[in-house]
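The values are calculated or read from the model by the stated rules, or taken from the named source; none is laboratory data. Only a predicted model underlies this, so the values are computations on that prediction, with no experimental measurement involved. Note: ideal-geometry Cβ built from the backbone for every residue, glycine included; neighbour counts use all protein chains shown.
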Amino acid sequence: MDKELQFDRPTFLAAVLLVVLTIAAFYPVTFCLFVNVDDASYVTGNDHVKQGLNIHNARWAFTTLDVSNWHPLTWVSHMLDVSLYGLNPAGHHATSLIIHLLNVILLFFWLRAVSDMVWRSAFVAGLFAVHPLALESVAFIAERKNVLSTLFFILTLFAYAWYARRPSVHRYLLVVLAFVLGLMSKPMLVTVPFVLLLLDFWPFRRLSLSQPTSSSGNQGEIISGVQPFLPMVLEKLPLLFLSAASSLLTIKAQALDHEIKSVPLLSRVANAGLSYGIYLKQMVWPARLAIFYPYRDRPLFSLPVLVSLLLVCALTILAVWQIRRRPYLAVGWFWYLGTLIPVIGLIHVGDIAHADRYTYLPLIGVFIALVWGIGDLTAHFPRLRCALVGTSVAALVALAVTTARDTSYWRDATTISEHSIAVTGSNPLMERALGETLYDDGRVREAVIHLTRSVQEQPTDVALYDLGTIKLRQNAIAEAVADFQQALKYPGETRVAAQIHNTLAVIEMQQGVLADAEEHFKQSLALDPDSSRHHLAYGWLLMKESRYSESTTQFETAISESPDAMAYFYLGSVFEQEHQLDKAADAYRKTLMLAPGLHQAQARLNAIAAVQH
């Protein structure tokens, strides 16, 4: 792969400029805090991730469908961050920024290798690097899966370029490996086989509309000769099978968490068509961006939808019309259309209409089409060269400045929630997010206002659970129980339902209604069997009922899930009740290793020592 190994002065200079530009635009994210939209699910409130990377948690990462996805490498990356930085958000943000920077540089070198165009490749990578639509993927810690999966996507492109030059089994296996790692980061990459087929047409020119028998020497061609269409499709079948498996697993995960919503087909088509147009509009004019755009039903024949569909059709016709003279237009455009399909809303997931993060990978196709189009325009009209190049550079700088400015909206949970509501209007999810943040800040009255507004607009399990938790802490137990019971009527993520059952169990246990408490504990463990907290609470109930053998099982399971000082302490208490003093002493010693200040454990250990001597 001779072209891939060329590191001439323009290539080196372009790479340095890309690094400087990317860091200048995104460095402020390292000063941002965690936000309360999904960051808790992925990091700050996830018991497995908070322990850091170890064998037990790695096993969990590869077997769980938590947060409606199977993406073990994403979990592992978060665990590794915790091992390195603890819960310091600066470190987590730095990792996301480093991965994004790698994506920028790798995209540049890949385009440089397959096209032999330094500055066109650099400009595409620059647009990808600093466009404000990329900010959410980098600044939102919960979207680590986006930057990580794109890293493996670009590595898949490198592997495929190597394979396409000289096909062989071991080169193909490298493509498969990179692709599998990408799917294990985020299942959105299921469209990769489609992208590779596009690349066979341009720039690799393994496919040709006119079926030539030898290399034509056109710009960007790196493969000698072409192949018939059918063998090119059959070549992708193993990748397609992997995509199908990933898709089915993702649908299963989302169905388990009740994330797939029942929305009429025409409404889904209307939202999809509108979203394609909105993303293009935001690409050209990236203003009033938000972390959450609430889904609002729009008729298929409403004016905004029709305008968007007309734009999509017009650009598709243009790309097909120019497919022979300017194949990059078709490749870039269908890259955009195709890679958005998994997230365009034809299967409606959650309450979101569209999202900035969904454009992170798809817009690369549009950037390629634009930059190569401008490059050809300057070649045909040399007098426009200075004006077009100057305008393009100015646009790139303006995008970088806008991204750096928009980073301020991600400063903390309150800022991002208030900004989102200011942009999109009041909506249940962001009202709830703001309410949770205000409560954590001690602004209880304001928190209740926003949480109540969220429930009034759209009752959900999470918002009702939040309201119930506040009332419980205010000792309004009857009202809290009513909110918890109401929350169970609105199915959502299984982990939330499990926590609600666990909380109800604790309340009933405190009130002496042990039979009902035990039933709620069983339901919480059925929904979230990996929760050490739920096993610990259930074990405490069983211990109080002198069901020592059963409580021992619960405490030991809790410890196996997450070593905890109180789990060891209660286990020691059970062993002591059963006169297994050596085991009790060992459990108390382990308690003190995790919580040296727990004087009760030291007292019990001293008492056992006194008895034994």
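Condition (residue is of a type in the set (S, T, N, Q), modelled with pLDDT of 95 or more and in a helix (DSSP H, G or I)) applied to the range 395-403: is it met by at least one residue?
yes
Please state which one of ALA369, ALA330 is assigned to a helix (DSSP H, G or I), crowded, with 21+ Cβ neighbours inside 10 Å, of a type in the set (Gly, Ala, Ser) and touching a residue at least 60 places away in the same chain (Cβ under 8 Å).
Details: ALA369 fails: touching a residue at least 60 places away in the same chain (Cβ under 8 Å).
Going through ALA369, ALA330 in turn, the sole match is ALA330.
Residue by residue, here is whether (1) of a type in the set (Val, Ile, Thr); (2) surrounded by fewer than 18 Cβ atoms within 10 Å (Cβ to Cβ); (3) within 14 Å of VAL37 (Cα to Cα) holds:
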| position | (1), (2), (3) |
| --- | --- |
| ILE449 | yes, yes, no |
| GLU457 | no, yes, no |
| ALA480 | no, no, no |
| GLN486 | no, yes, no |
| VAL496 | yes, no, no |
| ILE500 | yes, no, no |
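If you go through the range 533-555 one residue at a time, how many are surrounded by fewer than 21 Cβ atoms within 10 Å (Cβ to Cβ) and closer than 21 Å to LYS50 by Cβ?
Final tally of qualifying residues: 1.
Just to be sure I understand, how many residues within the range 418-431 are closer than 16 Å to ASP351 by Cα and surrounded by 17 or more Cβ atoms within 10 Å (Cβ to Cβ)?
The first filter runs over the range 418-431 and keeps only residues closer than 16 Å to ASP351 by Cα, leaving 420-421, 424-431.
Pick out the ones that are also surrounded by 17 or more Cβ atoms within 10 Å (Cβ to Cβ) and you get 420-421, 424, 427-431.
Residues meeting the conditions: 8.
Kindly check whether there is at least one residue in the range 485-500 that is touching a strand residue (DSSP E or B) at 6+ places or on another chain (Cβ under 9 Å), within 22 Å of ILE352 (Cα to Cα) and not polar (S, T, N, Q). Show your work before the answer.
If we filter the range 485-500 for residues that are touching a strand residue (DSSP E or B) at 6+ places or on another chain (Cβ under 9 Å), which is where we start, we get none.
No, the range 485-500 contains no residue that is touching a strand residue (DSSP E or B) at 6+ places or on another chain (Cβ under 9 Å), within 22 Å of ILE352 (Cα to Cα) and not polar (S, T, N, Q).
May I ask you to verify whether THR150 is surrounded by 23 or more Cβ atoms within 10 Å (Cβ to Cβ), assigned by TED's automatic domain parsing to the domain that holds VAL138, of a type in the set (Val, Ile, Thr) and over 16 Å from PRO238 (Cβ atoms)?
Judged against the criteria, THR150 is a match.
Given the conditions (1) in a helix (DSSP H, G or I); (2) under 28 Å from LEU65 (Cβ atoms); (3) out of contact with any strand residue (DSSP E or B) (no Cβ under 9 Å at 6 or more places or on another chain), and given that ILE449 satisfies all but one, which numbered condition is not satisfied?
ILE449 satisfies all of (1) in a helix (DSSP H, G or I); (2) under 28 Å from LEU65 (Cβ atoms); (3) out of contact with any strand residue (DSSP E or B) (no Cβ under 9 Å at 6 or more places or on another chain) except (2).
Let's see how each residue does on (1) surrounded by 20 or more Cβ atoms within 10 Å (Cβ to Cβ); (2) in the same structural domain as THR64 (by TED's automatic domain parsing); (3) not hydrophobic (A, V, I, L, M, F, W, C):
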site	(1), (2), (3)
VAL138	yes, yes, no
ILE141	yes, yes, no
THR156	yes, yes, yes
HIS170	no, yes, yes
LEU173	no, yes, no
LEU177	no, yes, no
VAL192	yes, yes, no
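Which numbered condition trips up CYS386, out of (1) touching a Lys or Arg at 6+ places or on another chain (Cβ under 9 Å); (2) modelled with pLDDT under 95; (3) part of a helix (DSSP H, G or I)?
Failing condition for CYS386: (1).
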